[in-house]
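Okay, so here's the structure we're looking at.
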Amino acid sequence: MRLEGGVGRPVCALTLRFAVLLLWGVLGARALDNGLAKTPTMGWLHWERFMCNVNCRDEPDACISEELFMKMADIMVSDGWKDAGYEYVCIDDCWMALGRDAKGRLRADPTRFPRGIPHLANYVHSKGLKLGIYADVGNKTCAGFPGSFGFYDIDAQTFADWGVDLLKFDGCYCDSVEHVADGYKLMSLALNKTGRSIVYSCEWPLYTWPFQRPNYTEIRKYCNHWRNFADIYDSWQSIKSVLAWTSSNQEEIVHVAGPGGWNDPDMLVIGNFGLSWDQQVTQMALWAIMAAPLLMSNDLRTISPQAKALLQNKDVIAINQDPLGKQGYQLRTEDSIEVWERPLSNLAWAVAIINQQEIGGPRYYSIFINSLGKGLACNPGCFITQLLPVKKNVGFHTWTSVLNTQINPTGTVLFRIESTQNY
């Protein structure tokens, strides 16, 4: 659901259903098992910052073109992003020509991508990075370019032939839950059939909610990560909405996340215009707690040193990428203070305390240590390190201790708790 005013079109759901059954007859045992996304995907995605800007004449540095992605790839290597773990350079909507070629294949816009996607893929790969691309399960993309309905096998093979490493598959122009579900399954099977390793990023649950509650167990069988909620904006209200939706639905979504499949709360907008410093800290901390894909949407050419340091914070990234692969959850909320926690490997825990109050100054908050980590995080003792907003050693605590902290309005304090059982 990218652009305002988009209206879906009816499709022949029976035809799709028959196609799924036919494919299952051949590939019945080959649900998604591609060995990818064992930890949340990290990279850069153009949409929130650059949207559908195709005006390369007047805005050559901000339009969707091969030059934009090549420049971002260069900077991801030269400025430490690749070393920090960000490896995917991802194209979103508006890269296509308005029509397919004579063989029914998608084409890149010939003016903005004059050397085609294979050239761009080769360039990105030469930097030690990977290329992501965008398509849509419906008749059109959200911006009105050709959709993949009826072309799933052709498009999957085209992307594989081009050297694509990730597919973001949107869900505009679908009017039935059958179209949504069957289309996502068909593309998953088609991608696997190509034999190329392609991370599959779905928006399946996002487009299922208007019809019924999504079956997350089924979605995980086909997708490496999946969007649940509306597009993120460069605003605190948008970040708050994502967190509120996630906490109110955590009983349904947290347990299905893990190596190979992740809930995706959408892009990191750190380094743009709409968030204060404390709010940027909150997004980084909570995306780590939620085991979310870290897909930045910003301009790496002009990002501030402070935002860059936050996005490249190795301690916070380590929480996000923790190999145990358990998603965190909201533990409690009281008087505009939220406490979130996440189990980590080696008996460690991450704890984030958010001050949602938007008036006044910093607030003091105290919480009993034995209420964190299901009572296991600090039993019999633990060492606590504050990671955000600044790193500092909080010291040794016992099971009966109290953790005291101070949190700025709309800000977050992120802790790592290490059990003494590891020492």
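Could you identify the single residue in TYR123, TYR207, TYR152 that is among the hydroxyl-bearing types (Ser, Thr, Tyr) and within 20 Å of the chain's Cα centre (by Cα)? Going through TYR123, TYR207, TYR152 in turn, just one is among the hydroxyl-bearing types (Ser, Thr, Tyr) and within 20 Å of the chain's Cα centre (by Cα): TYR207.
Every test in (1) open to solvent by 20 Å² or more (accessible area, probe 1.4 Å); (2) assigned to a helix (DSSP H, G or I) is passed by ASP234 save one, and that test is (2). Among the residues of segment 336-358, are any open to solvent by 40 Å² or more (accessible area, probe 1.4 Å), of a type in the set (Ser, Thr, Tyr) and in a strand (DSSP E or B)? No, segment 336-358 has no match at all.
Is it the case that ASN370 is of a type in the set (S, T, N, Q), more than 25 Å from the chain's Cα centre (by Cα) and not in a strand (DSSP E or B)? Yes; evaluated as a whole, the condition is true for this residue.
Assess whether TYR173 counts as being touching a residue at least 40 places away in the same chain (Cβ under 8 Å), open to solvent by less than 10 Å² (accessible area, probe 1.4 Å), touching a Cys at 6+ places or on another chain (Cβ under 9 Å) and not small (Gly, Ala, Ser). Taking the combined requirement at face value, the residue does not satisfy it. Of all residues in segment 40-60, those that are at pLDDT 95 or above have Cβ atoms under 8 Å from Cβ atoms of residues that are in a helix (DSSP H, G or I) and open to solvent by 40 Å² or more (accessible area, probe 1.4 Å), 6 or more apart or on another chain, in PRO60/GLU67. In segment 99-128, the residues that are closer than 14 Å to SER65 by Cβ reach residues that are of a type in the set (S, T, N, Q) and crowded, with 16+ Cβ neighbours inside 10 Å with C-beta atoms within less than 8 angstrom, at least six apart or across chains, in these pairs: ARG112/SER65; PHE113/SER65. Has segment 6-25 got at least one residue that is at pLDDT 95 or above and buried (at least 19 other Cβ atoms within 10 Å of the Cβ)? No.
Looking across segment 246-272, just one residue is farther than 22 Å from MET296 by Cα and not in a helix (DSSP H, G or I), and that is ASN249. Looking at segment 235-259, I want the residues that are more than 17 Å from VAL269 (Cβ to Cβ) and have a partner that is assigned to a helix (DSSP H, G or I) with Cβ atoms under 8 Å, at least 6 apart or on another chain. Which pairs are those? Partner pairs satisfying both residue conditions: GLU252/TYR216; ILE253/TYR216; ILE253/THR246; VAL256/TYR216; VAL256/THR217; VAL256/ILE219; VAL256/ARG220. Those helices (runs of 4 or more DSSP H) of segment 77-162 in which 3 or more residues are of a type in the set (Asp, Glu) occupy 152-162.
Here LEU286, LEU372 are screened, and the one residue that is closer than 23 Å to CYS90 by Cβ and not hydroxyl-bearing (Ser, Thr, Tyr) is LEU286.
The values are calculated or read from the model by the stated rules, or taken from the named source; none is laboratory data. On a predicted model such as this, the values are computed, not experimentally measured, just so you know. Counting neighbours? That spans all protein chains shown, and the Cβs are built from the backbone with ideal geometry, glycine included. All accessible areas refer to the heavy atoms of the entire protein, side chains included, with ligands and DNA or RNA removed. Shrake-Rupley method; radii C 1.70, N 1.55, O 1.52, S 1.80 Å.
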